[in-house]
Ligand code: PLP
């Protein structure tokens, strides 16, 4: 089945009422038939609903459908993209371990890995996403995860996924890819050797800026990489917190199972059934939307590239962009999603343009059906000095756009009047 079809049907079997729309199961808990049934569910002899912190029928459809789109074995929905990232890392690493991360990460992922995980005893070591060879020198026997974004936010780079997974596989290390900006519609990281993906569902999955959520997906056959792998002893030894369960000994996708039974159980960052339902609604049009976002972004990037006031445009769909080849290799039909940025001469010039736009909302979000404009130097990157701004590729004249689904003509016309204001 094609992704477009799966996005409408996968993971849902109509209930006894024949409801076309997936029902929202707003419930905290589920009644057991009898004591034996309850005991069987807890011991995994039977699979079923126990308590909504662990599982929920609406969230279950979201997880199954998303896993299908990504081409994975199973998924675990979480309360936000940040918690999906935390779960994907904490499922592999503990105090005393280290993880290797791309420098080009979303700001929240940078602070989580460099600062918060450090306080949990997990050290983050950084490499330049354009130089995967830097990873080799950072690996040791305590390295548990290599983490990067397929299409980076906000620097808008495209990772050479196969170059990174080749190094990871040589050392038998898990790779975790944040596929939020590319989405499963445009990029399938598992086809290029990635083990686990994470997403902020708050972006293109809902598609309309309606809810915060996240999801982690594991590839098919991941058990083979974990089984007997000394780096991941906790997947091969009895889990004392779950009556001695050995995750690689049972025929269920182990990474999401441990994420659910251990992390979701104990940390509780669960997706609300209502939010899961919103993500399911968004996914029905995922494929159509991502094509339109990409089409609009390319047209706007081409327009901006030809404008005399614009110093530089960052969009991997442009032939002039240094990420163009990677984009052609890793993205479906070379489509590059809705995120682009461009640089004008000065902070004053950028401020004038941002204030003059009418169709673009000044918001720190991406992946909405409505177009968004952001000025990183005065918002997300405000705390950085001039030198730090330049070092992380965010000069004060940089403007980021998340291209929505308005007509291409209107988006360009509004940008034109803002540039000439
Ligand atoms: N990953 C990326 C690439 C993001 O852009 C974001 C948020 O902007 C996140 C993760 C965090 O997601 P959330 O806001 O759902 O926690």
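The values are calculated or read from the model by the stated rules, or taken from the named source; none is laboratory data. Every value quoted in this text rests on a predicted model; they were computed, and no experiment measured them. Quick reminder, even Gly has a Cβ in these numbers, built from the backbone with ideal geometry, and neighbours come from all protein chains shown.
Against the list (1) at pLDDT below 95; (2) out of contact with any strand residue (DSSP E or B) (no Cβ under 9 Å at 6 or more places or on another chain), the condition residue 95 fails is (1). Just so you know, in region 184-212 the residues that are on the phi > 0 side of the Ramachandran plot and within 14 Å of the ligand (Cβ to nearest atom) include one that is nearest to the chain's Cα centre (by Cα), and it is 207.
May I ask you to list the residues in region 91-108 that are within 15 Å of the ligand (Cβ to nearest atom) and in contact with a helix residue (DSSP H, G or I) (Cβ under 6 Å, 6 or more places away or on another chain)? Scanning region 91-108 gives 101, 108.
Would you confirm whether or not region 150-165 contains a residue that is within 16 Å of the ligand (Cβ to nearest atom), assigned to a helix (DSSP H, G or I) and surrounded by fewer than 17 Cβ atoms within 10 Å (Cβ to Cβ)? No, region 150-165 has no match at all.
Apart from one condition, residue 148 fits all of (1) over 22 Å from the mean Cα position of the chain (by Cα); (2) in contact (Cβ under 8 Å) with a residue 40 or more places away in the chain; the exception is (1).
Let's see how each residue does on (1) farther than 29 Å from residue 6 by Cα; (2) assigned to a loop (DSSP other than H, G, I, E, B):
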{"residue": "248", "(1), (2)": "no, no"}
{"residue": "252", "(1), (2)": "no, yes"}
{"residue": "257", "(1), (2)": "no, no"}
{"residue": "261", "(1), (2)": "no, no"}
{"residue": "266", "(1), (2)": "yes, no"}
{"residue": "269", "(1), (2)": "no, yes"}
{"residue": "274", "(1), (2)": "no, no"}
{"residue": "278", "(1), (2)": "no, no"}
{"residue": "281", "(1), (2)": "no, no"}
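Any residue at all in region 250-268 that is in contact (Cβ under 8 Å) with a residue 24 or more places away in the chain and farther than 30 Å from residue 24 by Cβ? Yes, because at least one residue in region 250-268 is in contact (Cβ under 8 Å) with a residue 24 or more places away in the chain and farther than 30 Å from residue 24 by Cβ. Among the residues making up region 356-396, those that are in contact (Cβ under 8 Å) with a residue 40 or more places away in the chain, more than 18 Å from residue 300 (Cα to Cα) and more than 16 Å from the ligand (Cβ to nearest atom) are 395, 396. For region 317-421, the helices (runs of 4 or more DSSP H) that sit wholly inside it and include 2 or more residues that are over 24 Å from the mean Cα position of the chain (by Cα) and surrounded by 18 or more Cβ atoms within 10 Å (Cβ to Cβ) are 347-356, 408-419. In this structure, is residue 56 in the same structural domain as residue 160 (by TED's automatic domain parsing), within 21 Å of residue 243 (Cβ to Cβ) and either at pLDDT 95 or above or away from the ligand (no atom under 16 Å from the Cβ) (or both)? The answer is no for residue 56. With the structure loaded, tell me whether residue 231 is assigned by TED's automatic domain parsing to the domain that holds residue 69, out of contact with any helix residue (DSSP H, G or I) (no Cβ under 8 Å at 6 or more places or on another chain), away from the ligand (no atom under 16 Å from the Cβ) and closer than 23 Å to residue 58 by Cα or whether it fails that test. No; evaluated as a whole, the condition is false for this residue.
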